[in-house]
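Novice: One structure follows; several queries about it will come next.
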Amino acid sequence: MDASILKTMKIKILGSGAGGGFPQWNCNCNNCKRIRSGEMNGKTRTQSSISVSSDNENWLLINASPDIRAQLEAFPAIQPKHGLRDTGIKAVLLMDSQIDHTTGLLMLREGKPLDIYCTEMVKQDLTTGFPVFNMLAHYCTVNHHPIPVDGSSFTIPALTDLRFYTRALKSKAPPYSPHRHDPHEGDNIGVVIEQISTGKKLFYSPGLGEIEEHAMTAMQTADCLLVDGTFWTEDEMIDQQLGKKTAAEMGHLPQSGHGGMIEILNKLPNARKILIHINNSNPILDEDSEPHRQLLQAGIELAYDGMEIDL
Ligand code: MLT
Ligand code: MN
Ligand code: ZN
């Protein structure tokens, strides 16, 4: 039998919620209230993070959420196995410098040197406005590996059968970034992860504000799309009086409406389609709701904490 038949890229969803998680600690919105009281058919969600492996032993952590401690405890394959101090996490890849994607790095301070792959812009934020790298340097060594923003590829030594293609996406730097109001290439990226031996590809982008041509091209080549599921509508935060910003202002493309994520994904009939980074305000979280039904009808899945995807 061809050995490649046995090979799979494993994707573990550690956290499928957006910043704040679901329910959010201080939120009494329709969703948060009902999930707490047991009145909603749905799942609670921790904050946005996944891990990927081609051998079920050596893992790349993509984004480090504030909920990382519980996420790792719920995932035996990534836990210590050899010797007194150990981890399956061989490197960390960051998609941006947002709080929900980087605060968890502080929880990894007891580890060996941390190999962190991120853009120069993300590194800049994490050494200035939110100086996590500087803080970590007092506990463990941080090895920063700069990554491309033009879609070219790189590999990571401990993740032998995987190849990564990273590209800048239009977005905004976080509020604490020194260039918050002056967007730079690499503030936010999307990644294609290819298993070299099988050619299978995952496209991952938890923050996808608009579908640029290069993003569409990347999506067309992928076998699985794990994409921005933050909001159902453009004005969701405003309509529910939870915030003042539109989805676009926050760098997220909503699912519904003309040009929305459902319409985009409908153009990609061959890929498995999964939404991730789902905000607690999003009506799709209610599995008995009409928006949830519409997603299922379009062949779109919702990522959930603990979900495993084999590619
Ligand atoms: C976002 O992606 O917009 C974030 O989830 C916001 C946040 O973390 O506060
Ligand atoms: Mn976020
Ligand atoms: Zn809420």
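The values are calculated or read from the model by the stated rules, or taken from the named source; none is laboratory data. From a predicted model like this one, the values you see are computed outputs, not experimental measurements. Here the Cβ is made from the backbone with ideal geometry for all residues, glycine too, and neighbour counts use every protein chain on show. The accessibility values were calculated without ligands, DNA or RNA, using every heavy atom of the protein model including side chains. Shrake-Rupley method; radii C 1.70, N 1.55, O 1.52, S 1.80 Å.
Novice: Read through the list (1) at pLDDT 95 or above; (2) more than 28 Å from residue 53 (Cβ to Cβ); (3) within 16 Å of ligand 3 (Cβ to nearest atom); (4) not polar (S, T, N, Q), then give the number of the only condition that residue 257 fails.
Specialist: Among (1) at pLDDT 95 or above; (2) more than 28 Å from residue 53 (Cβ to Cβ); (3) within 16 Å of ligand 3 (Cβ to nearest atom); (4) not polar (S, T, N, Q), residue 257 violates only (3).
Novice: Let me ask something else. Looking at the stretch 114-121, can you tell me whether even one residue there is in a strand (DSSP E or B), acidic (Asp, Glu), in contact with a strand residue (DSSP E or B) (Cβ under 7 Å, 6 or more places away or on another chain) and free of Cβ contacts under 8 Å to residues at least 40 places away in the same chain?
Specialist: no
Novice: In the stretch 172-215, what count of residues is obtained for those that are among the hydroxyl-bearing types (Ser, Thr, Tyr), part of a loop (DSSP other than H, G, I, E, B) and either open to solvent by less than 30 Å² (accessible area, probe 1.4 Å) or in contact with a His (Cβ under 8 Å, 6 or more places away or on another chain) (or both)?
Specialist: 1
Novice: Now a separate question. Would you say residue 45 is away from ligand 3 (no atom under 12 Å from the Cβ), in contact with a Gly (Cβ under 9 Å, 6 or more places away or on another chain) and modelled with pLDDT of 95 or more?
Specialist: no
Novice: When you check residue 105 against the structure, is it more than 16 Å from ligand 1 (Cβ to nearest atom), modelled with pLDDT of 95 or more and open to solvent by less than 40 Å² (accessible area, probe 1.4 Å), yes or no?
Specialist: So residue 105 fails the test.
Novice: Out of everything in the stretch 3-52 that is basic (Lys, Arg) and buried (at least 16 other Cβ atoms within 10 Å of the Cβ), what residue ends up being farthest from residue 72 (Cα to Cα)?
Specialist: 34
Novice: Let me ask something else about it. Would it be correct to say that residue 123 is on the phi < 0 side of the Ramachandran plot, charged (D, E, K, R) and touching a helix residue (DSSP H, G or I) at 6+ places or on another chain (Cβ under 8 Å)?
Specialist: Yes: the conditions hold for residue 123.
Novice: What number of residues in the stretch 222-233 are more than 14 Å from ligand 1 (Cβ to nearest atom) and either free of Cβ contacts under 8 Å to residues at least 60 places away in the same chain or surrounded by 22 or more Cβ atoms within 10 Å (Cβ to Cβ) (or both)?
Specialist: 5
Novice: Scan the stretch 234-256 for residues that are open to solvent by less than 50 Å² (accessible area, probe 1.4 Å) and in a loop (DSSP other than H, G, I, E, B) and jot them down.
Specialist: Of everything in the stretch 234-256, those that are open to solvent by less than 50 Å² (accessible area, probe 1.4 Å) and in a loop (DSSP other than H, G, I, E, B) turn out to be 243, 246, 247, 251, 252, 253, 254, 255, 256.
Novice: Here's a follow-up. With the checklist (1) part of a strand (DSSP E or B); (2) surrounded by fewer than 21 Cβ atoms within 10 Å (Cβ to Cβ) in hand, flag the one item residue 138 doesn't pass.
Specialist: Exception for residue 138: condition (1).
Novice: Another question, if that's okay. When you go through 105, 159 one by one, which is the residue that is in contact with a Leu (Cβ under 6 Å, 6 or more places away or on another chain) and either acidic (Asp, Glu) or in contact (Cβ under 8 Å) with a residue 40 or more places away in the chain (or both)?
Specialist: Going through 105, 159 in turn, the sole match is 159.
Novice: Please identify the pairs in which a residue from the stretch 191-202 that is modelled with pLDDT of 95 or more has its Cβ atom under 6 Å from the Cβ atom of a residue that is small (Gly, Ala, Ser) and open to solvent by 30 Å² or more (accessible area, probe 1.4 Å), counting only partners at least 6 apart or on another chain.
Specialist: 197/4; 198/4
Novice: Are any residues in the stretch 257-288 among the acidic types (Asp, Glu) and in a loop (DSSP other than H, G, I, E, B), and if so, which ones?
Specialist: Selection gives 286, 287, 288.
Novice: Same structure again: How many residues are part of a loop (DSSP other than H, G, I, E, B) and either within 14 Å of ligand 3 (Cβ to nearest atom) or farther than 16 Å from residue 304 by Cα (or both) if we restrict to the stretch 1-42?
Specialist: 21
Novice: Let me ask something else about it. Cβ-Cβ under 8 Å, sequence separation 6+ or interchain: first residue in the stretch 238-258 and under 14 Å from residue 207 (Cα atoms), partner part of a loop (DSSP other than H, G, I, E, B) and among the β-branched types (Val, Ile, Thr). Which pairs?
Specialist: Here the result reads 247/230; 247/233; 250/230; 252/230; 253/211; 254/230; 254/233, each pair linking the stretch 238-258 to a residue that is part of a loop (DSSP other than H, G, I, E, B) and among the β-branched types (Val, Ile, Thr).
Novice: Within the bounds of the stretch 53-62, is there any residue that is within 16 Å of ligand 3 (Cβ to nearest atom), within 21 Å of residue 117 (Cα to Cα) and surrounded by 21 or more Cβ atoms within 10 Å (Cβ to Cβ)?
Specialist: no
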